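Following: one structure in structure tokens, then a few remarks.
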Amino acid sequence: MKRIALLILLSFISIPAYSVEVKGVYDALVPIAGQESEERDVALQLGFVDVLVRATGDIFIADEPLIQPEIKKVAKYVSRFQYQENKHEGALTRNSLYIKFDKGAIANLLREKGLPVWPSNRPEVLVWIAVEDGSNRYILSPDSDPAIRDELIRIAKKRGVPVLTPLMDINDMGQIKFSDIWAGFQEEILNASKRYGDSHVLVGRLFRVASGNWDAKWTFWGMETEENWTGSGEEISSAMGSGIDGLIGALSRYYAISPDNDFKTELDLIIDGIDTTSEYAEVLKYIESQAGVVSIKVKSVKGSRITYQVVIEGQTDLFFNAIDSGNFLLKVQGMVSEEKQEGESQPETFYVLIE
């Protein structure tokens with residue numbers, strides 16, 4: 001009966017963009033030449049900047065005057081660190097410094113300075129890249145150039161944004177051509193993207209110029225907007241990095257939550273389908289993990305339906321954007337709880353837990 005009820009609920013639901021929880025937002029791994037205190041201090045600062053970029057989506061966060069003094073006091077934000085040997089081929093240093101930063105301390109810092117926090121649940125972005133290197137033209141995929149694709153994934157992971165590239169199998173080849181991506185034909189690209197279930201799409205055109213350097217043109221479609229920018233670099237990895245840097249700016253401007261100490265909203269989240277203590281704990285953890293949540297408590301329990309009372313700091317639409325972009329809870333439109341009284345002003349929103 002529960003599954004029948006769930007199917008009925010799903011018929012009223014608009015499925016959100018697929019989202020994943022980004023792991024390691026507050027961890028850093030920095031190559032280090034030795035274990036002297038001066039080298040360690042530099043590595044801690046570099047790792048701190050990497051984490052701040054991932055936590056805010058601002059690639060220029062190190063230039064923020066409010067943050068610069070804190071970078072020099074990085075030790076107060078470090079939970080632990082340890083040296084690790086670099087065993088992979090091509091490593092530039094013998095060791096790296098693994099650093100785990102204090103998420104709570106960083107959240108408090110950003111809140112005190114009035115800076116945005118980007119929740120760790122982030123939309124996955126499909127990346128179409130057409131490459132012209134002077135002798136070859138191809139669409140980047142797991143098979144076309146694995147090394148370049150792996151570098152794209154590495155850069156995106158370092159910046160804290162989940163991405164995937166098309167398979168370019170027989171289905172994709174029947175839907176799209178190199179020339180479609182090179183020309184930026186939106187209809188063809190978005191049609192080919194449908195099989196991946198993504199509403200966030202990044203398109204790149206990378207080409208080697210006469211000097212041997214790389215130029216890039218980028219287009220992002222998502223959140224009902226379009227953004228365009230360019231990039232360049234001596235190596236193709238630098239050109240790809242310009243795409244990821246622009247991407248996190250576009251995403252964080254929409255999904256990051258800026259604290260507003262003078263603006264708090266109390267609302268009810270009514271979540272159905274919670275049958276076990278583990279599901280209860282997972283839901284509680286998921287809501288607590290969203291930036292902007294000041295407090296949360298259980299208001300009522302009725303069978304498998306739990307009403308949570310949540311206090312949010314900042315704009316509620318950004319909080320709901322973060323919740324709705326996940327694949328953990330699905331919003332149910334047009335429902336009102338039995339407990340809500342006529343004329344009652346406190347907002348409430350229904351969700352169902354995805355199994």
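The values are calculated or read from the model by the stated rules, or taken from the named source; none is laboratory data. Values in this document were obtained by computation on a predicted structure and should not be read as measured data. When we count neighbours, we look across all protein chains shown, and the Cβ atoms used for this are built from the backbone with ideal geometry, even at glycine. Calculation scope for accessible area: heavy atoms of the full protein, side chains included, ligands and nucleic acids excluded. Shrake-Rupley method; radii C 1.70, N 1.55, O 1.52, S 1.80 Å.
See the values below:
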read-out	value
HN-Hα J in Hz across segment 34-45 - Karplus 6.51, -1.76, 1.60, θ = phi - 60°, x for Gly and Pro	x, 10, 6, 4, 5, 5, 5, 5, 5, 5, 4, 5
Equivalent ellipsoid dimensions for the chain as semi-axes, Å, which come from the Cα gyration tensor, largest first	37, 29, 18
Other-chain or far-sequence residues with amide H under 5 Å of Val163's (modelled H)	Val125
Cα centre as origin, Lys/Arg/Asp/Glu Cβ charges: segment 63-195 dipole, Debye	980
Met173 - accessible surface, heavy atoms, 1.4 Å probe, Å² rounded to 10	120
Summed side-chain charge close to Lys285 - residues other than Lys285 whose Cβ falls under 12 Å, Lys, Arg +1, Asp, Glu -1	-4
Residues Asn191 and His88, FRET efficiency given R0 of 35 Å [Cβ-Cβ distance, rounded to 0.05]	0.35
For the chain: relative contact order, % (alpha-carbon pairs under 8 angstrom, 6 or more apart)	18
Distant-in-sequence amide H partners of Asn86 (H built 1.01 Å from N, under 5 Å)	Asn95, Ser96
Under 5 Å, built H, 5+ apart or other chain: amide partners of Asn121	Val22
Gain upon complete extension [Ile153, Ala210; 0.36 nm per residue less C-alpha separation]	17.8 nm
Contour excess over end-to-end distance, with Cα ends at Asp102 and Val298 and 0.36 nm allotted per residue	67.8 nm
Alpha carbon Rg of segment 170-318, scaled by the compact-globule rule 2.2 N^0.38 Å	1.48
Above-threshold pairs, the threshold being 23 Å between Cα atoms, out of Lys157/Lys177; Lys113/Lys331; Lys76/Lys100; Lys23/Lys100; Lys72/Lys157	Lys157/Lys177; Lys113/Lys331; Lys72/Lys157
Listed residues Leu29, Trp182, Leu126: farthest to the positive end of the dipole of the chain (Cβ charges)	Leu29
Cα-based Rg and Dmax for segment 98-163, where Dmax is the largest Cα-Cα distance (Å)	17.4, 53
Accessible surface, the chain, averaged per residue in Å² (probe 1.4 Å)	51
Apportionment of accessible area to carbon and sulfur, the chain, percent (1.4 Å)	50
Helix-derived mean residue ellipticity, 222 nm - over the chain, DSSP H n ≥ 4, -39500 (n - 2.57), to 500	-10000 deg cm²/dmol
Dipole in debye (nearest 20) - the chain, about Cα centre, beta carbon charges: Lys, Arg +1; Asp, Glu -1	640
